[in-house]
Structures are given as C-alpha cells and as structure tokens.
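The values are calculated or read from the model by the stated rules, or taken from the named source; none is laboratory data. This one's a predicted model, so the numbers in the text were calculated from it and none came from an experiment. Neighbour counts run over all protein chains shown; Cβ positions are idealised from the backbone, glycine included.
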Amino acid sequence: MDVEAVALAAAALVAEGALGEAGRATWEGLARMTSLLRSRLPGQQAEVALSAVESRPRDEAAQQVLSDRIITAMSVDEDFRAQVEALVSEAQRNETTANVVARSVNDYRGARIGKVVNVDTVNGNLNF
C-alpha cells in the first residue's frame, strides 16, 4: 500500500475510534494508532489535526488534514512509517476494522463503495 493510502487509512481509523467506545473495544489497535500519532507527529498543527478528527470524526476535510500530517511525518521517519503501516495492516486483518481500511483506500483510489457486507456461508438466496 502506498504512503497516501496508509495515511488515509490511519486517519480513518482514528475517526472510527472517536465514534464511540464500542469501536475502541472491538480492536484495541484504534487506541494504539491514536497514541502512536499523538506521540510521534511533530508540532502543534499535528495535535490540532488529531484533535479535530477526534472531535469531528465524520469530517472528511479534518481526516485529510491529519492524513497530510501523517504523510509528512512518514516521509522523514522510517520507523514511524513502519509502525503506522503495521497497525494499518493489522486493521486490515481484523474483521471489525477491515471495512474502514477498505473504504478509505478505495475512496482514495476513486472507487465509490456503498454497503460492505462480510458473508461467511450462505445457504439459499442473498438479497439486499
């Protein structure tokens, strides 16, 4: 996954975590992502961007600003980049947060996703 997609996914995961305690309980990585960003993003502007996403998690402009800060930090700090990529990868493997990553990456690439459904075994018809 390229740097922009990883950063957008990270910002989307922070927003997902800010939507409620239920999200945090389902994947503790949401709290780890927020903690990592808070500790490693430099400067007051980064803190403002992170706080904006936490207070307005559905605001796509706030997520984009945070994503831009993440991209800047990842471009100069390989260790930080590796940690963010590892958390995003972990989120992709988690059935609760995989949809968040998929939506953010596919929106970044220009795809429009409506409903996302995980289906295990279906016997019979499946209608939406």
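Structure data summary
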quantity: Qualifying residue in the stretch 42-57 (condition: within 14 Å of VAL6 (Cα to Cα) and surrounded by 13 or more Cβ atoms within 10 Å (Cβ to Cβ)); calculated: no
quantity: Residue within the stretch 90-99 that is over 16 Å from ALA15 (Cα atoms), modelled with pLDDT under 80, exposed (fewer than 14 other Cβ atoms within 10 Å of the Cβ) and not polar (S, T, N, Q) present; calculated: yes
quantity: Segments classed as helices (runs of 4 or more DSSP H), wholly inside the stretch 23-100, with at least 3 members that are β-branched (Val, Ile, Thr); calculated: 60-76
quantity: Residue in the stretch 25-44 that is nearest to ALA86 (Cα to Cα), counting only those that are touching a helix residue (DSSP H, G or I) at 6+ places or on another chain (Cβ under 8 Å) and at pLDDT below 85; calculated: GLY29
quantity: Single residue of SER67, SER75 found to be touching a residue at least 40 places away in the same chain (Cβ under 8 Å) and crowded, with 17+ Cβ neighbours inside 10 Å; calculated: SER67
quantity: Conditions (1) modelled with pLDDT of 75 or more; (2) more than 11 Å from ALA91 (Cβ to Cβ): number failed by ALA22; calculated: (1)
